[in-house]
Amino acid sequence: MSSSEFLSHFLFTLISFALLLTLVGAVKRMLLWSQGQSSTIHWLGLLQIPRRYLVDLHHVVARDKYMSNTHVATAGGFVLSSILIILLYVFQLTLQILTWALLGSSLLMFIGSIFVMLRRRNPPPNLSLGKWQRLPKSLMVFSLSFFILTLPATGILPSDTGGWLLALLLVAGIIWGIGEMFCGMTWGGPMKHAFAGALHLGLHRRQERFGGQSTGLKAIDLSSKKLGVEKPIDFKWNQLLSFDACVECGRCENNCPAFAAGQPLNPKKLIQDMVIGMAGGDDAKFAGSPYPGIKVGTHKGGAIIPIVNVLVESETLWSCTTCRACVDACPMMIEHVDAIVDMRRFETMEKGQTPGKGSEILENLSATDNPNGFAPSTRMNWAADQNLTVFGHNEKKQQVTQADVLLWVGDAAFDMRNQRTLRAMIKLLRAAKVDFAVLGDAECDSGDLARRLGDEATFQRLANSNISTMNKYSFNTIVTADPHAFHCIKNEYGEFGGNYNVMHHTGFFAELVSQQKIKLDNSKELALTYHDPCYLGRYNGEYDAPRFLLESMGVKIKEMERSKSTARCCGGGGGAPVTDIPGKQRIPDMRMADVIETKAEIVAVACPGCSAMLEGVVEPRPEVKDIAELMLDALIEDTGEDMVGAQV
Amino acid sequence: MSNNNLSVISLVSLGEHPTSRRPRRAEQDARAIELGIKLVGDNLQTLHAGELSDDASQQTALRSYLGMGLAEIKLLEMPADADAVLVIADYLKQQKTDIILTGVRAENGESSGMLPYLLAEQLGMAMVTSIADILSIDEVNKQAEVLQALPRGQRRKLKVDLPFIASVDMAAALPRQSAFGPAMRGQFETTLGGTFTDEESSDWQIVDAKKRPKRLKIIKAKTAADRFKAATAKASGGGGKVVYGVEESAQAILDLLIEEGLI
């Protein structure tokens with residue numbers, strides 16, 4: 001028997017065996033996922049995997065051009081090679097064209113793997129080391145072995161080239177290669193991301209994400225025996241699957257404001273800890289950046305062991321501002337924020353351990369419908385001089401049941417800083433002759449804060465109360481200056497039967513400006529930058545309207561390096577100012593440093609939370625102004641001529 | 001502290017939020033539960049006299065005590081016009097209790113703060129007002145060391161014989177957060193309380209309390225340090241003296257009125 005005959009026989013056995021082993025691993029992995037709670041299985045999503053991979057996933061990967069090209073070559077080469085290897089060596093099709101194709105695909109993969117190797121010579125801190133440092137070598141060995149193996153078959157080299165020595169080398173290389181690339185996929189190697197990732201793309205819990213948007217938190221049944229997630233098995237099975245998809249690229253870590261501030265959160269480590277929890281073990285082998293201030297190797301977990309304070313410290317969960325930067329940056333479409341809120345729900349609703357001022361704030365929300373415990377009857381005090389139309393009864397005992405616009409005031413009503421924004425909004429609405437009314441004292445907090453602090457019960461009560469109030473009246477649009485209320489009403493009230501046309505004030509004013517109903521002076525020259533609120537930008541994809549308004553005022557925005565979808569959070573979301581987990585620096589200080597870098601004198605904001613956080617940065621610093629305030633400064637009011645016309 | 005043989009009962013009422021006037025867990029009663037849990041853990045018994053209302057917000061308020069981790073609240077059912085003191089005393093007489101904890105005064109209703117005193121009278125127990133903590137319990141000598149809260153952050157350590165009633169002050173440790181899950185799953189063990197109609201209060205007229213007029217305080221302080229002193233310093237009792245005799249008392253009052261420029 002010649003060495004080439006031996007090889008082809010041996011490879012049949014070896015590859016078949018490896019595939020069988022991979023299959024066994026796959027079943028074992030699936031059993032791990034099936035420990036989770038039931039959730040809708042979107043079978044049809046499986047058909048969408050190629051499209052979601054090529055469009056949605058690649059769109060995120062392509063933010064780093066080097067890596068996207070590398071991945072196209074490596075992954076494309078690998079998928080193609082695998083198919084060809086199976087056809088050639090398992091089904092033993094001896095078509096010359098397949099041989100040539102394998103030669104090409106393995107070469108492509110080899111080229112890709114060189115770039116992977118280069119990236120990992122001086123890896124940036126967000127990349128995990130350990131087994132991930134082995135991957136480029138495995139990729140090279142795999143691709144090179146099959147490339148050399150295929151050369152004689154194409155006739156470029158005579159068969160039996162290299163004799164037994166090369167044959168043995170090839171056998172060794174192929175065992176390593178397919179061990180890592182096939183078996184490793186389902187037995188927990190770095191290639192696990194390909195197997196779990198593909199399934200996760202297909203069976204994703206938020207199918208609407210692909211080609212659309214799905215950012216609202218999901219409601220839970222408040223009568224269930226356990227509220228929230230205590231142990232890994234309390235996650236939905238498709239959440240467990242999603243954790244396995246993590247490729248440890250650390251883009252989440254690069255974008256996480258809490259991580260940058262030195263608070264004990266690293267989204268990548270959190271997801272890896274969830275994997276440890278699901279499969280059992282400790283975190284000693286984790287080879288990426290730790291949670292700031294917490295040593296790696298000190299925590300362990302298991303599928304039926306409580307997570308908090310065993311596997312993950314509670315401070316880690318409460319450091320998150322729910323800014324969604326990690327979710328947005330994740331090429332594997334993992335939903336970190338969902339997982340964090342799920343665990344917070346257990347902490348708050350079962351253990352009663354919301355840290356910091358959480359307990360007080362939640363008690364206030366249930367007793368007074370606002371987080372700071374002000375009397376509900378004083379909600380309209382700020383507008384004593386505004387002569388607003390209030391839905392329901394008014395002072396003249398008239399019933400107001402309809403208006404074109406419902407102006408959602410929000411908790412800015414109790415905050416003197418943000419009352420300025422509200423006043424500016426009212427002047428603008430009046431200048432544009434918009435027919436609007438407010439809910440007055442009947443309005444409650446939107447529930448955003450309660451929900452993100454894990455108190456789903458209070459959220460649902462507030463949401464239901466607001467919905468039943470609003471359903472009494474007829475209006476076309478809800479307009480609000482608060483992106484958190486905007487997001488809640490738009491994306492989270494639907495599950496409770498509240499479906500409304502909601503607009504953020506920037507979107508609404510942008511329409512009025514483009515319809516010439518509001519005229520803005522564009523002669524002022526302002527050195528200005530714009531800070532994207534997370535709940536307007538990443539949560540609702542609104543990046544253009546605020547910029548359109550600023551440009552209508554003649555402003556050339558000095559964009560920050562991190563703007564639009566990569567904008568850094570102000571630190572005010574997700575109840576982070578309430579839980580107040582200590583770090584090395586404050587998130588708003590870092591954001592203000594971003595502002596100062598642009599040499600802007602004014603930072604335009606579009607959220608009461610952002611204005612509070614950024615104004616909390618010590619002076620001297622650029623001025624913080626809401627877009628509504630800037631618009632009021634630039635408003636060209638109707639001159640007397642129109643007034644005369646109106647009087648005649 | 002492990003006081004396994006100790007029997008501690010905390011009495012809870014429906015509270016009322018000062019600004020929204022909505023029912024809630026009463027702040028002092030919640031502190032009493034916190035103290036009770038510290039003393040005996042799961043063995044703490046909790047008692048409420050009243051009706052289990054159909055009103056969701058009232059139920060939620062009562063349930064928020066359960067949310068502190070209690071398995072159940074004993075509910076002595078009584079009609080709204082019954083005298084809670086008698087109903088509770090009737091029940092407690094049949095129990096062997098070492099410590100009864102209450103708030104200093106209810107957040108609504110009569111809010112007289114008399115309940116612990118009247119209960120102590122009925123049960124023949126000692127009564128300690130406004131405690132901040134129970135430091136230790138000597139079960140052999142049947143004695144407890146109690147920390148009483150006095151104005152301006154002062155504390156007084158007292159030794160009290162068991163059994164006793166204590167009203168818990170706002171200075172006691174903050175109550176733990178009430179969690180929704182346990183609050184919903186906790187049980188009310190309902191028993192019919194004795195029937196004691198409150199005859200006296202039936203012909204009372206109830207009007208909203210008015211704030212007492214406050215004497216204008218003219219602060220002459222010029223510096224921040226002086227203002228701080230004025231705000232925090234203990235009122236010096238230099239001018240006060242105990243006056244006996246009708247003549248002297250009348251003279252003292254007249255002098256004060258003249259001094260204040262009212263006559």
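Kindly provide the Kirkwood hydrodynamic radius of the stretch A:3-203 in Å, to one decimal, from all pairs of distinct alpha carbon atoms.
Numbers: mean 1/r = 0.0553 Å⁻¹.
By the Kirkwood definition, the hydrodynamic radius is 18.1 Å.
Loop only per DSSP, at most 16 neighbouring Cβ atoms within 10 Å: give me the GluC sites (Glu not before Pro) in the stretch A:557-613, ordered by residue number. Walk me through the numbers on the way to the answer.
Details: sites: A:Glu559, A:Glu561, A:Glu597, A:Glu601; in loops: A:Glu559, A:Glu561, A:Glu601.
Within the stretch A:557-613, the qualifying GluC sites (Glu not before Pro) (loop, at most 16 other Cβ atoms within 10 Å) are A:Glu559, A:Glu561, A:Glu601.
Quick check: Cα centre of the stretch B:70-116 to Cα centre of the stretch B:147-173, how many Å?
Distance between centres, Cα-based: 20 Å.
Run the lone-cysteine check on chain A: no other Cys C-beta under 4.7 Å from the residue's C-beta.
For chain A, the answer is A:Cys183, A:Cys246, A:Cys249, A:Cys256, A:Cys320, A:Cys330, A:Cys444, A:Cys488, because their Cβ atoms have no other cysteine Cβ under 4.7 Å.
Packing-wise, with mean Cβ within 10 Å as the measure, how do A:15-23, B:79-87 rank, highest first? List each step's numbers first, then the result.
On the way: A:15-23: 15.4, B:79-87: 17.3.
Packing order, densest peptide first, comes out as B:79-87, A:15-23.
Test of understanding: express the Cα radius of gyration of the stretch A:69-148 as a ratio to 2.2 N^0.38 Å, with N the residue count.
1.19
To the nearest µm²/s, what D does Stokes-Einstein give for the stretch A:443-540 at 10 °C and 1.306 mPa s, using the Kirkwood radius over alpha carbon pairs as Rh? Display every interim value, and only then the final one.
Values: Rh = 15.1 Å.
Calculated translational D: 105 µm²/s.
Please give the length that would be gained between A:Leu157 and A:Glu511 if that part of the chain were fully extended, namely 0.36 nm times their separation in residues minus their C-alpha to C-alpha distance (nm, one decimal).
On the way: separation 354, 0.36 × 354 = 127.44 nm, distance 6.94 nm.
This chain segment gains 120.5 nm when fully extended.
Dipole magnitude of the protein assembly as shown about its Cα centre, charges +1 at Lys/Arg Cβ and -1 at Asp/Glu Cβ only, in debye to the nearest 20? Don't skip to the answer; put the middle values down first.
Working: 93 positive and 100 negative charges, 623 e Å.
Dipole size: approximately 3000 debye.
Which lysines, if any, have their Cα less than 20 Å from the Cα of B:Lys222, not counting same-chain residues under 8 positions apart?
By straight Cα distance, B:Lys222 reaches B:Lys234.
Give the calculated FRET efficiency between A:Lys285 and A:Ala375 to the nearest 0.05, with a Förster radius of 35 Å applied to their Cβ-Cβ distance.
Details: r = 55 Å, r/R0 = 1.58.
Efficiency, rounded to the nearest 0.05: 0.05.
What does the extension gain come out to for A:Leu20 and A:Glu208, with contour length at 0.36 nm per residue minus their alpha carbon separation? Could you put the intermediate results ahead of the total?
Numbers: separation 188, 0.36 × 188 = 67.68 nm, distance 3.48 nm.
That works out to 64.2 nm of additional length.
State which entries of A:Lys433/A:Lys558; A:Lys192/A:Lys285; B:Lys157/B:Lys211; A:Lys300/B:Lys38 exceed 22 angstrom in Cα-Cα distance in the structure shown. Let's see the in-between values first.
Values: A:Lys433/A:Lys558 32 Å; A:Lys192/A:Lys285 16 Å; B:Lys157/B:Lys211 33 Å; A:Lys300/B:Lys38 31 Å.
Exceeds cut-off: A:Lys433/A:Lys558; B:Lys157/B:Lys211; A:Lys300/B:Lys38.
Report the residue, chosen from B:Glu248, B:Glu145, B:Glu189, that carries the largest GNM mean-square fluctuation when chain B is represented by alpha-carbon nodes joined by springs under 10 Å.
B:Glu248
Consider just the alpha-carbon atoms of the protein assembly as shown and return their Rg together with their Dmax, both in angstrom.
34.9, 134
Across the residues of A:217-228, average count of Cβ atoms on other protein chains within 10 Å?
1
So for chain B, averaging the separation of alpha carbon pairs under 8 Å that are six or more residues apart and normalising by length, what relative contact order in percent results? Write down the numbers at each step before the final one.
Numbers: 454 pairs, mean separation 56.8, N = 263.
Over chain B, the number comes to 22 percent.
With Rg and the Kirkwood Rh both taken from Cα atoms, where does Rg over Rh land for the stretch A:369-514? Walk me through the numbers before you get to the answer.
On the way: Rg = 14.4 Å, Rh = 15.5 Å.
My calculation of the ratio gives 0.93.
Once you have all Cα-Cα distances for the stretch A:275-378, histogram them in 10 Å bins from zero and send the whole-percent values.
13, 35, 33, 13, 5, 1
Extending each Cα 7 Å along its Cβ direction at A:Trp164 and A:Lys65, get the distance between those two points in nm, one decimal.
5.3
Give the order of B:Ser64, A:Ser523, A:Ser611 when sorted by the count of other beta carbons within 10 angstrom, beginning with the fewest.
Values: B:Ser64 25, A:Ser523 8, A:Ser611 28.
Least to most surrounded, the residues fall as A:Ser523, B:Ser64, A:Ser611.
Return the long-range amide H neighbours of B:Thr190 (sequence gap of 5 or more, or a different chain), with a cut-off of under 5 Å between placed amide H atoms.
Distant-sequence amide H within range of B:Thr190: B:Leu75.
Find how many whole Å separate the alpha carbon centroid of the stretch A:300-361 from the alpha carbon centroid of the stretch A:65-105.
Between the Cα centre of the stretch A:65-105 and that of the stretch A:300-361, the gap is 42 Å.
Using alpha carbons only, how many angstrom separate the centre of the stretch A:538-578 from the centre of the stretch A:141-203?
If you average the Cα positions of each part, the centres end up 47 Å apart.
How big is the stretch B:8-202 in terms of Cα radius of gyration and Dmax, in angstroms?
Cα-based Rg and Dmax for the stretch B:8-202 come out at 15.9, 47 Å.
Using a Debye calculation, one point per C-alpha and no hydration shell, please list log10 I(q)/I(0) for the stretch A:200-340 at q = 0.16, 0.17, 0.21, 0.22 Å⁻¹ in order.
-0.83, -0.94, -1.45, -1.58
Under the rule of -39500 (n - 2.57) per DSSP H run of 4 or more residues, summed and divided by the residues of chain A, what mean residue ellipticity at 222 nm is obtained, to the nearest 500 deg cm²/dmol?
Values: 26 runs with 296 residues, N = 648.
That calculation yields -14000 deg cm²/dmol at 222 nm.
Considering the alpha-carbon set of the stretch B:115-222 alone, what are its Rg and its Dmax in angstrom?
Taking only Cα atoms of the stretch B:115-222, I get Rg and Dmax of 20.4, 63 Å.
What list of whole percents do you get for P(r) of the stretch A:173-238, with Cα-Cα distances grouped in 5 Å bins up to the one holding the largest distance?
P(r) over the stretch A:173-238, rounded to whole percents: 3, 13, 14, 16, 15, 13, 11, 7, 4, 2, 1, 0.
Given the DSSP H assignment, sum -39500 (n - 2.57) over each helix run of at least 4 residues in chain B and divide by its residue total; what's the result at 222 nm in deg cm²/dmol, nearest 500?
Numbers: 8 runs with 77 residues, N = 263.
Rounded to the nearest 500, it is -8500 deg cm²/dmol.
Identify the trypsin sites (Lys or Arg not before Pro) of the stretch B:75-126 meeting these criteria: DSSP loop state and at most 16 other C-beta atoms within 10 Å of the C-beta.
Values: sites: B:Lys93, B:Lys96, B:Arg105; in loops: B:Lys96, B:Arg105.
Answer in residue order: B:Lys96.
Could you tell me the relative contact order of chain A? Use alpha-carbon pairs under 8 Å, at least six residues apart, and round to a whole percent. Working shown, then result.
Details: 1099 pairs, mean separation 78.5, N = 648.
12 percent.
For the stretch A:528-634, with the dipole built from +1 on Lys and Arg beta-carbon atoms and -1 on Asp and Glu ones, taken about the Cα centre, which of A:Gly583, A:Ala628, A:Gly554 lies farthest toward the positive end?
The listed residue farthest towards the positive side: A:Gly583.
Relative to the Cα centre, what is the charge dipole magnitude of the stretch B:27-110, using +1 at the beta carbon of each Lys and Arg, -1 at the beta carbon of each Asp and Glu, and rounding to the nearest 20 debye? Intermediate results must be reported in sequence, preceding the final value.
Details: 7 positive and 15 negative charges, 89 e Å.
Dipole about the Cα centre, nearest 20: 420 debye.
Using the Karplus curve 6.51 cos²θ - 1.76 cosθ + 1.60 with θ = phi - 60°, work out ³J(HN,Hα) for each residue of the stretch A:260-271 in order, rounded to whole Hz, and write x for Gly and Pro.
Each residue's phi maps through the Karplus curve to give 5, 7, x, 7, x, 9, 9, x, 5, 5, 4, 5 Hz.
Efficiency by 1/(1 + (r/R0)^6): what FRET value for A:Ser465 and B:Ile206, r their Cβ-Cβ distance, R0 = 41 Å, to the nearest 0.05? Write down the numbers at each step before the final one.
Numbers: r = 30 Å, r/R0 = 0.73.
Rounded to the nearest 0.05, the efficiency is 0.85.
Just in the stretch B:150-209: which chymotrypsin sites (Phe, Trp or Tyr not before Pro) are loop by DSSP and have at most 11 other Cβ atoms within 10 Å?
Details: sites: B:Phe164, B:Phe180, B:Phe188, B:Phe196, B:Trp204; in loops: B:Phe196, B:Trp204.
Of the chymotrypsin sites (Phe, Trp or Tyr not before Pro), the ones in loops of the stretch B:150-209 whose Cβ has at most 11 other Cβ atoms within 10 Å are B:Trp204.
Every read-out reported here was derived from the displayed coordinates using simple, explicitly stated rules and does not represent laboratory data. Given the structure is predicted, the values throughout are model-derived calculations rather than measurements. Cβ coordinates were reconstructed from backbone atoms using ideal geometry, including for glycine residues, and neighbour counts include every protein chain displayed.
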